[in-house]
Structures are given as C-alpha cells and as structure tokens.
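Input: a single structure, listed below in structure tokens.
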Amino acid sequence: MIATRVPTILPDMTFDEALEVTKIYSISGMLPPNMPLISQRPFRNPHHTISPISLIGGGKKPKPGEISLSNHGVLFLDELPEFSKNTLESLRGPLEDKKITISRVNSAVTYPCNFMLIASMNPCPCGYYGSIEKTCRCTEEQIKRYINRISGPLLDRIDLHIEVDSVKYENLSQDIPSTDSKTIKKRVNFARKIQFERYNKHGIFSNSELTPKLIMKYCKLNSESKQILNAAFNNFGLSARAYTRILKVARTIADLAHAENIETNHIAEAIQYRNLDRKYWEN
C-alpha cells in the first residue's frame, strides 16, 4: 500500500521526461489510445514469476522490459526473495547505469531505465522472525537461506532499508491526523527545484545523479559528521558504494529541511537507513 502511494508524492514530470516515457510506451505498443503524452509517472508491479528478459527487455525484436516501462517512475517488486536469483541479479547493472543495452546478431538497442526501485519482503518464510506478537516457526537455516536469496551487491544498491512492524488494531481504528500526499509533494517539488538549480550547469537534475567529483563539492561534512560516518563505516563494514549513497541521501534530507549544508542530524538519519542489512545479512 505504501509503495503504490509513492508516485503521488514524486516530483512533477518535466516535458522531456514525459516525452521519453511516451516514446517507450509507444515502441512497446502500450500507449493508451486517448493519451498522446504520458504525464503521470509510471508504476509497474510485475509478478515474481517474471523472466529476466521480461524484466530488463529483449526478445527476437528487442522490446523494452519492465525496468524501461518504469522509466522516471517506480518499479515495485513485492516479495523480493520469491523472484529468481538470475532475475534479481540482472538489475545490478541497470540500477547503476540508468540504461540497458540489448545486443543481437545484427543490432544493439539501448533503452533508458532511470527508475526508482521499491521492494518488499518478509524477514523469514513464515513472516514472524523478530516479531513480538507471534512466534517465528522457521529454523535458523531456513531464515538464512531465505534472506540470502538477496545478494549483497544488489542490497548495496538500495539506498534505504526500512523495517516496518505489524500494525495494531487500535492504531487502525483511531482517527489519527496524517499528512496528505498533496502536502508532501509540495515539499518534494521544492527540494527538486533546489537540486535542479544547484546542478543545472552540470547537466544533472537530482542528488541521485551526483558523480564522485560532484559529491566532494556538494556533500561536504563538518568534523562531527565525519566522525559519525567514519564510525558507521568501520562498525557496519560499509562498502564504498554505500558510503556515497549515504552522502546522497543526507544531501536530500538536508534539501527537504531547507538546509544549505549537510548537518550532523542529516548524516545520522541517512546512516540509520543503511543498518537494517547488517541486522539480517551479517551472518
């Protein structure tokens, strides 16, 4: 349910983004007859039985796969460990390159795939490992085998790792005020505007596109933040990729807070989004 609401708070599509998405759907024969221009960000939710070709694209006449149909939108993979390992591993390159090249004997076709990956999974086959409400029925070996269906390199490419506890009835039944998507989207659009103006001269539009050189320029840390990140890097055994992703996330948190520089609380929050993999995948 959370994943399906994400497109409602994403930044408004630019004309160039809408045009690129429309072209992909037109090539795929999936352009709605009464919609000459797709102006809403795509949301794709393929079943876990999907093949690698259907996910990344291909065939005798190479067609865009789900990753390209999700371009400038969301690709949601529910029950992530249920996907075949080959299918999941095929995502590693596209997540980094934002494009996929499909080669055949007489041709090679490149499709864009700049998508947001959202995935969900249970902590174990029965779903109750770590729960305070119900007892997990799985053995340690079953849990380990289930968790390890997600490789470290793939997990490393996911910026945020969030653990969500089961919701109690009293929380569902209470009329608790919440912030609507329209209000949240205003904050997101404001942060995107800041990034667009900041990086316009570099030909990129968001923090996620920062190169290592630009990270050094725009993600500078104070001494206290450096100490916190250094401690996390050593204690959690973070990779170089995780290090740069933490900095990008911290920069985004700062933008949402209308802060010119990355502060200590921003880097601490970004690190918290990276420690879940150490809880389940460390052994």
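Residue 155 meets all of the listed conditions (1) within 20 Å of residue 70 (Cβ to Cβ); (2) of a type in the set (A, V, I, L, M, F, W, C); (3) in a loop (DSSP other than H, G, I, E, B) but one, namely (3). Each residue in region 72-114 was checked for being assigned to a loop (DSSP other than H, G, I, E, B) and out of contact with any helix residue (DSSP H, G or I) (no Cβ under 6 Å at 6 or more places or on another chain), and 12 pass.
When region 28-80 is filtered for residues that are of a type in the set (Phe, Trp, Tyr) and either more than 21 Å from the chain's Cα centre (by Cα) or over 20 Å from residue 14 (Cβ atoms) (or both), only 76 remains. Screening residue 168 on (1) surrounded by fewer than 17 Cβ atoms within 10 Å (Cβ to Cβ); (2) of a type outside the set (A, V, I, L, M); (3) under 30 Å from residue 66 (Cα atoms) shows it passes everything except condition (3).
Please verify whether residue 68 is in contact with a Pro (Cβ under 9 Å, 6 or more places away or on another chain), more than 28 Å from residue 204 (Cα to Cα) and surrounded by 16 or more Cβ atoms within 10 Å (Cβ to Cβ), treating the condition exactly as stated.
no
Picking from residues in region 117-168 that are touching a strand residue (DSSP E or B) at 6+ places or on another chain (Cβ under 8 Å) and of a type in the set (Val, Ile, Thr), the one that is nearest to residue 280 (Cα to Cα) is 158.
One residue stands out among those in region 100-118 that are under 11 Å from residue 56 (Cβ atoms) and surrounded by 15 or more Cβ atoms within 10 Å (Cβ to Cβ): the one that is modelled with the lowest pLDDT, which is 102.
Within region 239-283, the set of residues being under 18 Å from the mean Cα position of the chain (by Cα), crowded, with 19+ Cβ neighbours inside 10 Å and aliphatic (A, V, I, L, M) comprises 242, 246, 247, 249, 250, 253, 270, 271. Restricting attention to region 119-150, the residues being of a type outside the set (D, E, K, R), surrounded by 14 or more Cβ atoms within 10 Å (Cβ to Cβ) and within 22 Å of the chain's Cα centre (by Cα) number 9. The requirement of being in contact with a Ser or Thr (Cβ under 9 Å, 6 or more places away or on another chain) and of a type outside the set (Lys, Arg) is not satisfied by residue 118. A Cβ distance below 6 Å, combined with a sequence gap of six or more or placement on separate chains, defines the contacts here; from region 164-191, residues that are in contact (Cβ under 8 Å) with a residue 40 or more places away in the chain reach residues that are among the charged types (D, E, K, R) in the pairs 191/255.
Got at least one residue in region 35-49 being more than 18 Å from residue 22 (Cα to Cα), in contact with an Asp or Glu (Cβ under 6 Å, 6 or more places away or on another chain) and not in a loop (DSSP other than H, G, I, E, B)? The answer is no, given that none of the residues of region 35-49 is more than 18 Å from residue 22 (Cα to Cα), in contact with an Asp or Glu (Cβ under 6 Å, 6 or more places away or on another chain) and not in a loop (DSSP other than H, G, I, E, B).
The values are calculated or read from the model by the stated rules, or taken from the named source; none is laboratory data. Remember, predicted model here, so these are calculated numbers, not experimental data. Because the Cβ atoms are built from the backbone with ideal geometry, glycine has one as well, and the counts that use them run over all protein chains shown.
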